[in-house]
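See structure below.
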Amino acid sequence: MALFELTQTDRHVYATALQDFLPDELFDIHSHLWLESFWSTPKATDMRAVSWPYLVAKDNSAQDLAESYRLLFPGKRVVPMVFANPEPYDDFALHNSYVQTSAAAYGYPSLYFSHPRQSAADVERGVLEGGFLGLKSYLNLAPPHIPEPSIRILDFFPPHHLEVLNRHGWMMMLHIPRTGRLKDPINLEDIAWIKRKYPRIRLILAHVGRAYCREDVGDALKVLSPFDDLLFDFCANCNPQVLEMLVESVGVTRVMFGSDLPITRMRMRRICENGRYVNLVPPGLYGDLQGDPNMREVSQEEGDSLTFFLYEEALAMKTALQKLGFGKREAERVFAGNARELINGVQRETYQKPGRWEQA
Ligand SMILES: [Zn+2]
């Protein structure tokens, strides 16, 4: 049985709108690997605890990731940068070692998943011994006494980790916290502080700083405009207006494609209502969505017309580039070239030799 099924709609979307527009080689700067067995809380045993992301994919092995690309982007070569997806009480060493082994086996670049409690020496050793190119962390690792809306970037990327990143010029994959998202003044203040104090960090704002609706952008792009090497990935962002604002503001050399796989295997179409995003999904496919304001089921008929989240994301970037008068050359930067140069640069500076993905 295939990992997931493609419908006529999916094949049609890919063949008519994406295949020719996308470069032959894609670099995916943001993807997750983990096995279900790594999670300390067994999610499958308690059906009440099953949430919709888990119904999209309970885990994502390296084999499944490679198979996803084969199914979603037939005829293309995809090089993903991989990292873990741990829950707060998991064994981080187990997660990181799976990513390390998989990255070595498949020739993928990778990031080390850090916990803010780790010492600087611990994090530095973890990266170097595992052949990683930087750090990914997550806001749910902030100290438990901090309520979620109050979490700040430094609560999960503490200064002693930033110092290590800066010293080596490593990548920092940042999923920003806070309900204000990209425009949040505290986030902007913290990003600016990091950029000034640690200028050698290759800082990537994941998901365009979670600006999924126009209203999430505010004056952020203006505030961040002095930082002319700040990077953005647009994984899980399928808002063509936001992407157009981004590319118009920062150009085509600082924006990178990411898949956020496996979540973008979901079938959906995203709309914004009063500045909040809603994922429209087929009925019955993702469990009980009562009480989740970001998810809404549509009719069976409309559901049948929905394609993958990842295609919606790529199509949104296509729309944005076309609106700005850009074509395949700029698409190559955004879907491959920018990430390729970034990854190869960090790889060489850190390990003085090319990565395995460069030799394929
Ligand atoms: Zn992610």
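Quick note: the coordinates plus some simple rules give every number you see, no bench work behind them. Small disclaimer: the values here were computed from a predicted structure and weren't measured. Cβ placement follows ideal geometry from the backbone for every residue including glycine, while neighbour counts extend to all protein chains displayed.
At 37 °C and 0.692 mPa s, what whole-number value in µm²/s does Stokes-Einstein give for the translational diffusion of the stretch 131-186, with Rh from the Kirkwood sum over Cα pairs?
271
Pairing rule first: another cysteine's C-beta must sit under 4.7 Å. Under that rule, which cysteines of the chain stay single?
Result for the chain is CYS235, CYS238, no neighbouring Cys Cβ within the cutoff.
Residue separation times 0.36 nm, minus the C-alpha to C-alpha distance between LYS197 and ASP304: what's the value?
33.5 nm
Across bins of 5 angstrom width beginning at 0, how are the C-alpha pair distances of the stretch 200-314 distributed, in whole percent?
Using 5 Å bins, I get a P(r) of 2, 11, 20, 22, 17, 12, 8, 5, 2, 0, 0 for the stretch 200-314.
Viscosity 1.306 mPa s, temperature 10 °C: what is the translational diffusion coefficient of the chain from Stokes-Einstein with a Kirkwood Rh over Cα pairs, rounded to a whole number of µm²/s?
77
Compute the orientation-averaged projected area for the stretch 128-233 from the convex hull of its Cα atoms and round it to one decimal in nm².
Result: a mean projected hull area of 6.7 nm².
Could you work out Rg/(2.2 N^0.38 Å) for the stretch 291-348, with Rg from alpha carbons only?
Working: Rg = 17.0 Å, N = 58, 2.2 N^0.38 = 10.3 Å.
In units of the globular-protein estimate, the stretch 291-348 measures up at 1.65.
For each pair in LYS183/LYS318; LYS58/LYS222; LYS136/LYS183, compute the distance between the two Cα atoms and list the pairs where it is over 32 Å.
As for pairs spanning more than 32 Å Cα to Cα, those are LYS58/LYS222.
Once Rh for the stretch 91-148 is found with the Kirkwood sum over Cα pairs, what is the Stokes-Einstein diffusion coefficient at 25 °C and 0.890 mPa s, in µm²/s? Let's see the in-between values first.
Working: Rh = 12.1 Å.
After rounding, the answer is 202 µm²/s.
Quick one: check the C-alpha center-to-center distance for the stretch 121-193 versus the stretch 222-300, whole angstrom.
21
For the chain, set up a GNM with springs between Cα atoms under 10 Å and report which of GLN347, GLN290, GLN322 has the largest fluctuation.
Among GLN347, GLN290, GLN322, the largest GNM mean-square fluctuation belongs to GLN290.
Pairs of Cα atoms under 8 Å, at least six residues apart: use those to get the relative contact order of the chain, whole percent.
Over the chain, the number comes to 19 percent.
Would you mind getting the Kirkwood hydrodynamic radius of the stretch 54-173 from its Cα pairs, rounded to one decimal in Å? Provide the component values of the computation, followed by the final result.
Numbers: mean 1/r = 0.0648 Å⁻¹.
One over the average 1/r among Cα pairs gives 15.4 Å for the stretch 54-173.
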